[in-house]
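A quick write-up on the structure given underneath.
The values are calculated or read from the model by the stated rules, or taken from the named source; none is laboratory data. Treat the numbers as computed from the prediction; the structure is a model and nothing was measured. Ideal geometry is used to build each Cβ from the backbone, glycine not excepted, and the neighbour counts take in all protein chains shown. We work out accessible area using only protein heavy atoms, side chains counted, and drop any ligands, DNA or RNA first. Shrake-Rupley method; radii C 1.70, N 1.55, O 1.52, S 1.80 Å.
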Amino acid sequence: MPGELTEEPIETDSLARRCARWRDLWRIHGVVLLVVAVGGALGALARYGLARGLPAHPGHFPMATFVTNVSGCFLIGVLMVAVTEIWAAHRLLRPFLGVGVLGGFTTFSTYANEIRGLLQPGTIAVAFGYSAGTLICALLATAAAMWLTRAGYERLRRARVRSA
């Protein structure tokens with residue numbers, strides 16, 4: 001009958017299996033989640049500080065987000081070359097710095113929201129300049145960082161060989 005309570009057994013076995021699966025996931029990946037969270041908090045604090053130092057004004061170019069995203073792309077370029085080509089990093093360094101700190105520092109959502117806010121009569125040119133300028137500068141910053149890191153490492157390596 002509709003609305004009538006029934007005496008169906010609770011599936012404790014599947015609940016126990018789910019809990020065991022979560023325990024296994026935490027045991028295997030918990031420390032990575034922790035370093036990403038700590039790094040993300042530090043990156044977000046740095047972004048907040050930069051935003052307070054370079055406040056955005058309605059209708060104007062959002063300099064803080066631009067600087068944040070371009071410098072974050074530069075730093076990720078340096079980091080990725082360093083940990084993939086130059087030296088073997090600790091397994092937690094890349095999640096901490098790359099995903100955590102730089103992921104918390106850079107911000108696509110603020111960038112997109114600021115573009116949306118600039119798409120008003122009188123500021124459309126600023127919106128398109130900001131949109132294209134950020135993408136171009138971020139890509140150039142990443143490429144430059146990768147090139148400079150590789151070149152700097154090669155110069156150091158040659159200097160060590162000469163001095164040995």
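For beta carbons closer than 9 Å, sequence separation of 6+ or different chains, a first residue in region 25-41 that is under 11 Å from Pro95 (Cα atoms) and a second that is at pLDDT 90 or above and among the charged types (D, E, K, R), the qualifying pairs are Val32/Arg91. Please state which one of Ala143, Ala112, Ala127 is without any contact (Cβ under 8 Å) to a residue 60 or more places away in the chain, touching a Gly at 6+ places or on another chain (Cβ under 9 Å) and either in a helix (DSSP H, G or I) or over 27 Å from Val36 (Cβ atoms) (or both). So the residue among Ala143, Ala112, Ala127 that is without any contact (Cβ under 8 Å) to a residue 60 or more places away in the chain, touching a Gly at 6+ places or on another chain (Cβ under 9 Å) and either in a helix (DSSP H, G or I) or over 27 Å from Val36 (Cβ atoms) (or both) is Ala127.
Each row is one residue, and each column tells you yes or no for (1) of a type outside the set (Val, Ile, Thr); (2) open to solvent by 50 Å² or more (accessible area, probe 1.4 Å); (3) out of contact with any helix residue (DSSP H, G or I) (no Cβ under 7 Å at 6 or more places or on another chain); (4) more than 23 Å from Phe128 (Cα to Cα).
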{"residue": "Gly49", "(1), (2), (3), (4)": "yes, no, yes, yes"}
{"residue": "Met63", "(1), (2), (3), (4)": "yes, yes, yes, no"}
{"residue": "Phe66", "(1), (2), (3), (4)": "yes, no, no, no"}
{"residue": "Gly72", "(1), (2), (3), (4)": "yes, no, no, no"}
{"residue": "Leu75", "(1), (2), (3), (4)": "yes, yes, no, yes"}
{"residue": "Ala82", "(1), (2), (3), (4)": "yes, no, no, yes"}
{"residue": "Ala89", "(1), (2), (3), (4)": "yes, no, no, yes"}
{"residue": "Pro95", "(1), (2), (3), (4)": "yes, no, no, yes"}
{"residue": "Gly117", "(1), (2), (3), (4)": "yes, no, yes, no"}
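Can you tell me which residues in region 47-68 are in a helix (DSSP H, G or I) and at pLDDT below 95?
Selection gives nothing.
Taken over region 55-107, the residue count meeting the criterion of being without any contact (Cβ under 8 Å) to a residue 12 or more places away in the chain and closer than 30 Å to Ile124 by Cα is 3.
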